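The structure under discussion appears below in the form of structure tokens.
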Amino acid sequence: MMKRFLTLLVALMLAGPVLAQGGPLRLTITDGVIEPIPFALPSFQAESLEAQQAAADISRLVVQDLAGTGLFREVPATAFISQVSSFAQPIAYADWRAINAQALITGAVTVTGSQLVVKFRLYDVFSGAELGGGLQFAGTTQGWRRMGHKVADAVYSRITGEGGYFDSRIVLVSEAGPKDNRQKRLAIMDYDGANLQFLTDSSAIVLAPRFSPNGDRVLYTSFESGFPRINVLDVANVGQQQLPTAQGEMAFSPRFSRDGRQVIYSLSNGGNTDIYRTDLGTGQHVRLTSAPSIETAPSLSPNGDQIVFESDRSGTQQLYIMSANGGEARRISFGEGRYGTPVWSPRGDLVAFTKQNAGRFHIGVMRTDGSEERLLTSSFLDEGPTWAPNGRVIMFSRETQGAGGTSSLYSVDISGRNLKAVPVQSGASDPSWGPLQQ
Amino acid sequence: MKGPGIYISAIGHIGLIGWLILGWGFDADPLPIDPIPFTTISGDAFADMMAARTPKPADAEPTALPQPVVDDTPPPPPAQVATPTPAPTPDPVAPPVAENPPPPPPPPLVTEATDVPPVAPAPPPAPPPSPQLEVSQRPTPRQADRIAATPSAPAPPDAQVADVAQQETVPDAAADPEVVLDATQATAPPETTTEIVTEAEKPSGAVETSVRPQSRPSRPTPPVSTPPQETPPQETPPQETPPTPADPPAVVAQDDIDNLLAELSDDTPSQTPTAAPAVPAGPPMTGAENDGFRVSVQSCWNVGGMSSAAQQVTITVAFDLTTDRKVDGDVRQVSASGGDAQAIAVAFRTARSAIFQCQNRGAGFTLPSDKYEQWREVELTFDPSGMRLR
């Protein structure tokens, strides 16, 4: 018995090195890099004389969209080895590899009267193959920006594997005048600050606008009557209707449900603030919390099953999650300071929030169980986060210190990178990011 | 009482001895031997050859050298040398009396007594004032566009950002003017940190600047002396002095050897293999070689552009390499886990792009050429789980 064991042991010892040398070289890569992906975009071809300006504008806009994400980096045209003179021209991949362009975008623009057609192709340079098929969009010459955004969205989606956010709009509170007499109006604009349009006048203070899931309506809080009330505004015709509220009650902090048929909001009555849900079709409302503390800022999960909100029931302002039908809530924030304005991400994996601690305001994210809290910003006053449609970027408002301080919009990647100001023609606050336009 | 340990020990020793007698049980390949062509020659031929190289002695008998002549006469005695007489002692001489007294010494410089301490010698020039540095409360890496496993400092302002760092080529005035080097600009890798630094994590008290160290005093430059006109060193091997007519035997001997070697080479069958050289198998890859290959690939694996879903995917890909360390064919997906089809597609494309991009950065991958069989087939597993929270 012992002899067999020793024989087996010796055999295994002899076979070990032989077995180890057989087969392919196997390695595990765990540490990669995070850096912008270099791409090349030769100016889109103008296939008619009238299309020259549009081709140049759309090319520039696509570059701005992609490079503005922080995930991509444009290879300057001065580095190009080969030129693209035709949309159907074969691609000299070696020339683009030589300048380390990982993606190549070619396109062409045609203008016929007021109609504009833009088409593009995306190439994976190192694979030497086209990434997805060619695509074209048709519209009017006035809508060239939307078509440029759509091209950028398609490129972004094909490379990263997740949806883009360039062809989307923001509803916000436009601000003007000094701090002690600030004029506030509802406004709507493209995600990059272009095409700013006002939805209300400045006769009444307006707060906290929120887009509907399909972007056709906006909920907001108005002080037109002297008390906070919730209005529903139709974006197409600017028509409004007010959520029914009893005398002496204050309604604020509204959000649409995921199907857009219901509204969850805070209602203050007799010094107590709780969360309610109202059906816009029937007017029926349901009380979801009944604690003596202040419960506000509700936000539904993407599947509509849960609500995250802020409450001071523990003595300080913290974040809680409960069922969409109310009931017992569990606390998810346990760090130092106060947490508020939670917003559930479109992906459902994270909650964005505003945190106040040690005299500073932060925008942060955490998982829905409260783990992996990460503060992304820090300033005198940051608040009101809103998610991009793809759940990758957060926009918020930042106010500077002092009597002459102004409020403006900023965006940041959920990793904390690419923090930058959103160019708005006026002061701005309370952004709400709408869905991708159809 | 013999215990089982005795039996185990005996069996083990017997097995070991038998194993040694049987030659370790391995069929070891003989070490490679470089064949050297040789032959044997007869003793007469060798003697003739050596005789031809040895100069023959002269036919005449040697003559004795003339004996040196010895002079027996004693050398003359040395000439008498006069003994030097000592010099007379000089008489003491009174000091001369000066008719005019010497001028009094100049009065000492009188300065008003003050309480001011004497002026100290001028100190050496003080270094430039250091900027007020605040103490960093917490070391936090600076923000950078590139996140990787190993940090790198920002590129110098006059350097171009590139994957490989290289120094600027500066023309050397003292160099040979005929040797013209390609002017290359200094390059440095892009600034890299090991983790993402958000605005909130940026400590306000962080050190933003550092004192530039004082430069060392430059050494005195040696005087430039005109070097004497020297003949430049000859790089060619020294030419052999042509055989003079006085050395005909050597010429004959060299010719003989050459002819002999030529004959031998003609007679000897060719040892050069005509078939293609065998692919080197080599010993197994060392840990350092594996790490070098892994680091080169991971420096090209950019997970920043992947979707969150794709960052959950662990994917294994395989590919073959040619002897010049290039991918032979295409990269194949072996397995994947942790995501849907779209996420897996993005993860595969990112891994594939990393392999090809890394290959194109230089002349193929960094792999030992004498171990081709060890890396001819490669299987890489890309696991981004550690990168999600960078």
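Please enumerate the residues belonging to region A:86-141 that are within 14 Å of another protein chain (Cβ to nearest Cβ), among the polar types (S, T, N, Q) and in contact (Cβ under 8 Å) with a residue 24 or more places away in the chain. First the steps, then the outcome.
Looking only at region A:86-141, we keep the residues that are within 14 Å of another protein chain (Cβ to nearest Cβ), and these are A:93-104, A:122-132.
Subsequent filtering for residues that are among the polar types (S, T, N, Q) retains A:100, A:102, A:127.
Result: A:Asn100, A:Gln102.
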Filter result for the condition that a residue is modelled with pLDDT under 95 and in contact with a Pro (Cβ under 9 Å, 6 or more places away or on another chain), over A:Val84, A:Val125: A:Val84
Some residue of region B:350-365 being over 23 Å from A:Ile159 (Cβ atoms), more than 9 Å from chain A (Cβ to nearest Cβ) and surrounded by 15 or more Cβ atoms within 10 Å (Cβ to Cβ): yes
Residue in region B:322-338 that is open to solvent by 50 Å² or more (accessible area, probe 1.4 Å), within 9 Å of another protein chain (Cβ to nearest Cβ), closer than 14 Å to A:Gly32 by Cβ and of a type outside the set (Val, Ile, Thr) present: no
Residue among B:Ala318, B:Ala345 that is aliphatic (A, V, I, L, M), facing chain A (nearest Cβ under 10 Å) and open to solvent by 40 Å² or more (accessible area, probe 1.4 Å): B:Ala345
Segments classed as strands (runs of 3 or more DSSP E), wholly inside region A:151-258, with at least 1 members that are surrounded by 21 or more Cβ atoms within 10 Å (Cβ to Cβ) and under 18 Å from the mean Cα position of the chain (by Cα): A:168-176, A:183-190, A:206-211, A:217-222, A:250-256
Only one of A:Arg261, A:Arg287 that is of a type in the set (Lys, Arg) and farther than 17 Å from A:Gly326 by Cβ: A:Arg261
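Conditions (1) open to solvent by less than 20 Å² (accessible area, probe 1.4 Å); (2) within 30 Å of B:Gly292 (Cα to Cα); (3) at pLDDT 95 or above, marked per residue:
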| residue | (1), (2), (3) |
| --- | --- |
| A:Lys3 | no, no, no |
| A:Thr30 | no, yes, no |
| A:Gln45 | no, no, yes |
| A:Leu61 | yes, no, yes |
| A:Arg73 | no, yes, yes |
Leading residue by the ranking (nearest to A:Thr377 (Cα to Cα)) among those in region A:387-413 that are assigned to a loop (DSSP other than H, G, I, E, B) and open to solvent by 30 Å² or more (accessible area, probe 1.4 Å): A:Thr400
Positions within region A:102-120 being modelled with pLDDT under 95 and closer than 17 Å to A:Ala92 by Cα, in sequence order: A:Gln102
Checklist (1) in contact with an Asp or Glu (Cβ under 8 Å, 6 or more places away or on another chain); (2) buried (at least 16 other Cβ atoms within 10 Å of the Cβ); (3) farther than 30 Å from A:Arg169 by Cβ applied to A:Ile81, failing item: (2)
Residue in region A:364-385 that is surrounded by fewer than 24 Cβ atoms within 10 Å (Cβ to Cβ), assigned to a loop (DSSP other than H, G, I, E, B) and touching a Phe, Trp or Tyr at 6+ places or on another chain (Cβ under 6 Å) present: no
Hits in region A:311-332 (condition: in a strand (DSSP E or B), open to solvent by 10 Å² or more (accessible area, probe 1.4 Å) and either farther than 20 Å from A:Thr278 by Cβ or without any contact (Cβ under 8 Å) to a residue 12 or more places away in the chain (or both)): A:Tyr320, A:Arg330, A:Arg331
Any hit, region A:6-26, residues being surrounded by fewer than 18 Cβ atoms within 10 Å (Cβ to Cβ), at pLDDT below 95 and either within 30 Å of A:Gly113 (Cα to Cα) or more than 14 Å from every other protein chain (Cβ to nearest Cβ) (or both): no
Single condition B:Gly305 does not satisfy, out of (1) in contact with a strand residue (DSSP E or B) (Cβ under 8 Å, 6 or more places away or on another chain); (2) at the interface with chain A (Cβ under 9 Å from one of its Cβ atoms); (3) modelled with pLDDT of 90 or more: (3)
Residue that is within 14 Å of chain B (Cβ to nearest Cβ) and not in a strand (DSSP E or B), where the choices are A:Gly304, A:Gly348, A:Gly283: A:Gly348
Unmet criterion (only one of (1) surrounded by fewer than 19 Cβ atoms within 10 Å (Cβ to Cβ); (2) within 9 Å of chain A (Cβ to nearest Cβ)) for B:Ala310: (1)
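The values are calculated or read from the model by the stated rules, or taken from the named source; none is laboratory data. Remember, predicted model here, so these are calculated numbers, not experimental data. Note: ideal-geometry Cβ built from the backbone for every residue, glycine included; neighbour counts use all protein chains shown. Side chains included, ligands, DNA and RNA excluded: accessible areas come from the protein's heavy atoms. Shrake-Rupley method; radii C 1.70, N 1.55, O 1.52, S 1.80 Å.
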